[in-house]
């Protein structure tokens, strides 16, 4: 299959996936979300038909991978309700815009470039107004991303610490005590850092609002009450939750670092998938990047632990 044929199939299947997702979410949604999806479904129906006619393709069906992805997303939306639906819609929008911008840059001078331009106008004008405008009034997507980033940081950092402790001490109880201590300290440190950063940002916003008011302009209407403390709690708690993952196998009796590595690896795949989806990144690249980071962290910290034990005779 040529590169253009693969691109054609991908564009059709991606739009068909979006249409199938919006149609499935229409049965889950309530209130204003139903109206939002009613506006999005005709747009995606038009996109699917457009690309099939543009490339001269027969009506397509979703492949197994996309069907599984569809089932998982709809299941999560059924479980978590409106906030999850808003996040999914925003993430789909980001994916679509990035994908079509890439295609447009590559084929800008040809017929495909002109076709993509029309679809991009839908993505930027219609979907942005419907999805982003509504979602901004209900949820804070950045807060959700902070949760998963905190999980990711805590998991990777404490897995590295547990690996180093096993290399240096080799005793599960000592590793458990040391790992738990580092996890708590890290969570407090991350929470404090988030509080300071959020407080500083709030102060900058306050000064800017005063400047705008002095100049006679209308300052931005933002309710930031409690933001700093809320950010500190979210970041600290999510970091600690991630840090528990590599420590838990030791708590239940693991005598080597291998169970912690396997557990952390499975969780990091899930976290990386969610992060990549919410941020509009390529999922495989995000997973591979995090697994490489984990492997490097384990190798380096375990080697440091062994070196420490050899040089200074650390023993338990």
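In this structure, does residue 79 turn out to be within 17 Å of residue 283 (Cβ to Cβ), out of contact with any strand residue (DSSP E or B) (no Cβ under 7 Å at 6 or more places or on another chain), surrounded by fewer than 13 Cβ atoms within 10 Å (Cβ to Cβ) and at pLDDT 90 or above? Against the criterion (within 17 Å of residue 283 (Cβ to Cβ), out of contact with any strand residue (DSSP E or B) (no Cβ under 7 Å at 6 or more places or on another chain), surrounded by fewer than 13 Cβ atoms within 10 Å (Cβ to Cβ) and at pLDDT 90 or above), residue 79 does not qualify. Within the range 2-30, being part of a loop (DSSP other than H, G, I, E, B) and touching a residue at least 24 places away in the same chain (Cβ under 8 Å) holds for 28, 29, 30.
Residues considered: 68, 37. Of these, the only one that is in contact with a helix residue (DSSP H, G or I) (Cβ under 6 Å, 6 or more places away or on another chain) and either outside the structural domain of residue 99 (by TED's automatic domain parsing) or over 18 Å from residue 116 (Cα atoms) (or both) is 37.
Okay, residues lined up against (1) surrounded by 15 or more Cβ atoms within 10 Å (Cβ to Cβ); (2) over 19 Å from the mean Cα position of the chain (by Cα); (3) in a helix (DSSP H, G or I):
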position	(1), (2), (3)
42	no, yes, yes
47	yes, yes, yes
59	no, yes, no
69	yes, no, yes
103	yes, yes, yes
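Would you be able to tell me the number of residues in the range 167-208 that are crowded, with 16+ Cβ neighbours inside 10 Å and either under 23 Å from the mean Cα position of the chain (by Cα) or not assigned by TED's automatic domain parsing to the domain that holds residue 235 (or both)? Matching residues across the range 167-208 total 8.
The values are calculated or read from the model by the stated rules, or taken from the named source; none is laboratory data. Since the structure is predicted, the reported quantities are computational estimates derived from the model, not experimental observations. Positions of Cβ are backbone-derived with ideal geometry, glycine not excepted, and every protein chain shown enters the neighbour counts.
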